[in-house]
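Coordinate-derived values only; no laboratory data. Model, not experiment: these values are computed from the prediction. Heads up, the Cβs are rebuilt from the backbone with ideal geometry, glycines too, and the neighbour counts pull from every protein chain shown.
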Amino acid sequence: MKRKRENMEPFENKIWLSSPTMHGDELKYMKEAYDTNWMSTVGANINEVERITCEKTGCKYAVALSSGTASLHLAVKLAGEALYGKPDIGHGALEGRKVFCSDMTFGATVNPIAYEGGVPVFIDTEYDTWNMDPDALEKAFEIYPEVRVIVIAHLYGTPGKIHRIREIADAHHALIIEDAAESLGATYRNKQTGTFGDYNCISFNGNKIITGSSGGMLLTDNKDAAEKVRKWSTQSRENAAWYQHEELGYNYRMSNVIAGVVKGQYTYLEEHIAQKKAIYMRYKDGLRDLPVTMNPYDSENCEPNFWLSCMLIDKNAMCRQVRSDSEALYIHERGKTCPTEILEAIAALNAEGRPIWKPMHMQPIYRKNGFVTRDGNGRARTNAYIEGGAADVGMDIFNRGLCLPSDNKMTAEQQEIIIEAIRRCFE
């Protein structure tokens, strides 16, 4: 059911959720790669981007790769081999072994576990940060004490409670893979995300806080791990005059051209973060008297990069909404709304919003995998509620939440129009 929205003409140019913001320096470094003919996976831009990444984050070693997903894959491979040794050809480094993983995240966080033969077990989300719930993680170790790898993502640029997760991991002799793809520049207790895990990953995908159009980076303080990844990412060629291979390799190295774009973007990281924070604060102020809350963060311990501004509708302000795996329906009720209605209103303005990441335990491909809430096995009560909140927190946030247009080229005036469209949904 749709309602007419009078006197709100669509924007002439689309307002994107989060699109690349280019400045000109990127083209200069790309041209240097072209002029010097260093167009492949070696060159000055790659070396410099790795150096800058170490300087910005505080990690000791950085390896530039073709994507954030590639860095996650090789991080999973590193963890598996560190714990269980090198597998035989045809077997993954985590063959048949369970791995704890953030539940409310993009599939790229999880899929590399399956690439290496592992079995993801999803850990429920907490309302405080929308990230992995440490209490649920502790419960998961009671159920699956044999697990030795944890993959944690920092959702929408907001750090999770990584200090508690690190303590739990250490108590159970587990390794941490930190997916900081969305959180470059965010800090937790004055330390950059992407430096808390044993192996850490960032992304330069086209919609991230800074971009190379593609590209990613593996970060670690372990020199041997960095050297392994550098070798694996260039087809695992041995030191011989011919092409000699003794283990599986991958075509995962970042190109010198893409590295030129990333190099040009790094200068503007802090500027982009400030712009994103201003967008978040304008939404928070403009929606303050509605029955909604913005995606939360712990202001005492962390500073997000505010990559995406998101909102959560209060339970008592939700109209009736149902979703299948591919469609959504709702019935408008006076004074109430739902994510589907708001996203339609935003789209009518020629602006882009998006549903919250659908939790992994709800995805068809992973519906048979383990899922643990802070109260234990969540599969038995994914539709249940407990006093104080939903037993399945990720599902609840997915049902009531949405991502708002967060492009840092959006003007304050354009954002005010979007805010007004949201307000009208509650009429």
**Prompt:** Between residue 25 and residue 231, what is the spin-label point distance in nm, taking each point 7 Å from the Cα along the Cα→C-beta axis?
**Reply:** 3.5 nm
**Prompt:** Counting DSSP beta bridges with both partners in segment 25-266, what percentage is antiparallel, nearest 5?
**Reply:** 45 percent
**Item:** Cα principal axis extents for segment 152-196, largest first, Å
**Value:** 28, 18, 13
**Request:** Report the net charge of residues surrounding residue 318, where surrounding means a beta-carbon distance below 12 angstrom and charges are Lys +1, Arg +1, Asp -1, Glu -1.
**Result:** 0
**Asked** Nearest 20 debye, what's the magnitude of the dipole of segment 25-266 about its Cα centre given +1 on Lys and Arg Cβ and -1 on Asp and Glu Cβ?
**Response** 580 debye
**Prompt:** Short version: ³J(HN,Hα) in whole Hz for each residue of segment 66-73, in order, from phi by Karplus 6.51 cos²θ - 1.76 cosθ + 1.60 (θ = phi - 60°), x for Gly and Pro, what are they?
**Reply:** 6, 6, x, 5, 4, 5, 5, 4
**Request:** Sort the following peptides by mean Cβ neighbour count (other Cβ atoms within 10 Å, averaged over residues), highest first: 156-162, 349-355, 235-241.
**Result:** 156-162, 349-355, 235-241
**Request:** Rank-order 147-154, 416-423 by packing density, defined as the average count of other C-beta atoms within 10 Å over each peptide's residues, highest first.
**Result:** 147-154, 416-423
**Item:** Among the listed pairs 60/161; 60/409; 86/358; 28/276; 228/358; 14/161, those beyond 32 Å (Cα-Cα)
**Value:** 60/409; 86/358; 228/358; 14/161
**Message:** Restricting to Cα atoms and excluding each atom paired with itself, what does the Kirkwood estimate give for the chain in Å?
**Reply:** 22.4 Å
**Between segment 76-108 and segment 264-321, the Cα center-to-center distance that results, in Å** = 33 Å
**Message:** Given bins 5 angstrom wide, list per bin the percent of all Cα-Cα distances in segment 25-266, short to long.
**Reply:** 1, 7, 14, 19, 19, 16, 11, 7, 3, 2, 0, 0
**Complete:** Residues meeting the amide H criterion for residue 351 (H placed from the backbone, H to H distance under 5 Å, 5 or more places apart or on another chain) are 15
**Fill in**
Among 122, 243, 33, the residue whose Cα sits farthest towards the positive end of the charge dipole of the chain (+1 at Cβ of Lys and Arg, -1 at Cβ of Asp and Glu, taken about the Cα centre) is 122
**Length-normalised contact order for segment 258-416 - Cα pairs under 8 Å, 6+ apart - percent** = 25 percent
**Message:** At 0.36 nm per residue, and after removing the present C-alpha to C-alpha distance, how many nm does the segment from residue 35 to residue 190 gain when stretched out fully?
**Reply:** 51.8 nm
